[in-house]
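Asks: Input: one structure, supplied below.
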Amino acid sequence: MRLGLLGAAVAGLASAAAPDLGTLAVTRGVTGGCFSAVIPAALVYVGDSWPAADRQRPLSDVLAATSLGTTGGTLGAGLLAQFSTWRAAFAVAALAGAGLWVALRRLPEPVGQRSAERPARLLRRVLTTPWALVVLAVAAVEGVVLVGAFVYLAPALQSTGVAVGVAGAVAGVFGVGVLGGAQVVKVLVGRLTAARLLAIGGISILLGWAVLAFGIGVGTVLGAGVLLGLGWAFFHSTMQSWATDVVPTARATAVSLFVAALFVGGAAGTALVAPLADRHAFGAIFLIAMVLAAPLTAVAAGARSRYARR
């Protein structure tokens with residue numbers, strides 16, 4: 001985690017000082033890679049520190065913290081872009097990474113055993129485990145449905161004439177939904193099956209996109225943001241817990257591939273609907289996300305139910 005944060009801090013400061021678009025593209029890619037490396041490392045830390053039966057509760061806390069950062073980033077970046085400069089947004093994130101690099105020196109190592117196996121062998125084990133492939137496939141589609149389409153939430157509101165800062169603040173209500181949903185999930189873990197938690201989350205995501213598919217405004221974006229946040233808290237925390245359990249002897253590899261699948265799916269989803277965004281056809285983007293959310297929910301809940309019976 002500290003190596004990832006240090007790399008992100010250096011690359012983030014380089015992004016803030018980038019003299020041209022080509023340099024900025026490279027430094028943002030490096031920054032994203034470094035920050036993304038921190039996420040699976042944190043999930044593995046939780047997986048090594050808590051038993052499977054209780055793991056989703058701390059994972060929900062990690063998800064809530066992530067949503068707090070997402071909300072602050074969405075709001076802060078919008079305000080900085082409107083009243084200062086885009087370079088400030090990159091610099092602030094870089095300095096935060098540097099601060100965490102120092103702070104995490106006191107974090108104790110988890111009690112889990114370190115694997116002496118070669119990475120290639122661990123990778124082969126994950127990729128030859130059928131249930132691991134199911135988890136990775138669901139994560140990729142989840143990335144398309146939520147991460148890929150969510151990128152266009154604030155721009156959709158801006159297209160109606162709302163200022164950048166206001167659009168960012170309204171879209172940031174997603175974090176509020178995640179924070180609230182994470183606390184509910186912690187109470188329901190052990191009372192509801194993982195399949196039911198996935199079903200609740202998927203239906204909430206579907207309803208969130210449905211609100212936007214039929215109208216884009218401050219009110220609908222606020223409502224959709226809360227629903228999407230709740231859905232993310234239920235659906236993604238359950239998937240995270242599943243990823244830490246599906247191949248316990250290669251947990252770090254499985255979780256890293258899970259996070260990679262999520263973000264690759266998000267990037268693919270963003271790119272595929274970019275032509276629609278160019279034409280400001282944001283309603284069509286959200287309608288596509290809504291339609292895809294239905295089979296995603298059915299497949300994920302059904303597969304998790306079968307996995308539990310196994």
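Asks: Among (1) under 28 Å from LEU272 (Cα atoms); (2) at pLDDT 90 or above, there is one condition THR66 misses while meeting the rest; what is its number?
Replies: The number of the failed condition is (2).
Asks: Name the pairs whose Cβ atoms lie under 6 Å apart, with the first residue in region 213-235 and assigned to a helix (DSSP H, G or I), the second surrounded by fewer than 20 Cβ atoms within 10 Å (Cβ to Cβ), and 6 or more positions between them or separate chains?
Replies: Going by the 6 Å Cβ cut-off, the qualifying pairs are ALA213/GLY283; ALA213/LEU287; LEU227/LEU207.
Asks: Next question, about the same structure. Only residues that are more than 17 Å from ALA98 (Cβ to Cβ) and touching a Ser or Thr at 6+ places or on another chain (Cβ under 7 Å): list them for region 1-27, please. Show your work before the answer.
Replies: Initial filter on region 1-27 (more than 17 Å from ALA98 (Cβ to Cβ)): 18-26.
Result: ALA18, LEU24.
Asks: Among the candidates LEU43, LEU75, which residue alone is within 13 Å of the chain's Cα centre (by Cα), aliphatic (A, V, I, L, M) and surrounded by 17 or more Cβ atoms within 10 Å (Cβ to Cβ)? First the steps, then the outcome.
Replies: Numbers: LEU75 fails: within 13 Å of the chain's Cα centre (by Cα).
Matching residue, one of LEU43, LEU75: LEU43.
Asks: Within region 271-290, track down each residue that is in a helix (DSSP H, G or I) and under 20 Å from the mean Cα position of the chain (by Cα).
Replies: From region 271-290, those in a helix (DSSP H, G or I) are 271-272, 274-278, 282-290; that's our starting set.
Listed by number, the residues that qualify are ALA271, LEU272, ALA274, ILE285, PHE286, ILE288, ALA289, MET290.
Asks: Residues that are touching a Lys or Arg at 6+ places or on another chain (Cβ under 7 Å): list the helices (runs of 4 or more DSSP H) wholly contained in region 1-114 that include at least 2 such residues. Talk me through it step by step, then tell me what you get.
Replies: Values: elements: 2-16, 21-49, 56-83, 86-103.
Of the helices (runs of 4 or more DSSP H) lying wholly inside region 1-114, those with at least 2 residues that are touching a Lys or Arg at 6+ places or on another chain (Cβ under 7 Å) span 2-16, 21-49, 56-83.
Asks: Collect the residues in region 11-29 that are surrounded by fewer than 17 Cβ atoms within 10 Å (Cβ to Cβ) and among the β-branched types (Val, Ile, Thr), keeping them in residue-number order.
Replies: Correct list: THR23, VAL26.
Asks: Among the residues of region 151-188, what is the count of those that are surrounded by fewer than 20 Cβ atoms within 10 Å (Cβ to Cβ) and either among the hydroxyl-bearing types (Ser, Thr, Tyr) or closer than 20 Å to THR297 by Cα (or both)?
Replies: Count: 4.
The values are calculated or read from the model by the stated rules, or taken from the named source; none is laboratory data. Just so you know, these numbers come straight off a predicted model, no measurement behind them. Here the Cβ is made from the backbone with ideal geometry for all residues, glycine too, and neighbour counts use every protein chain on show.
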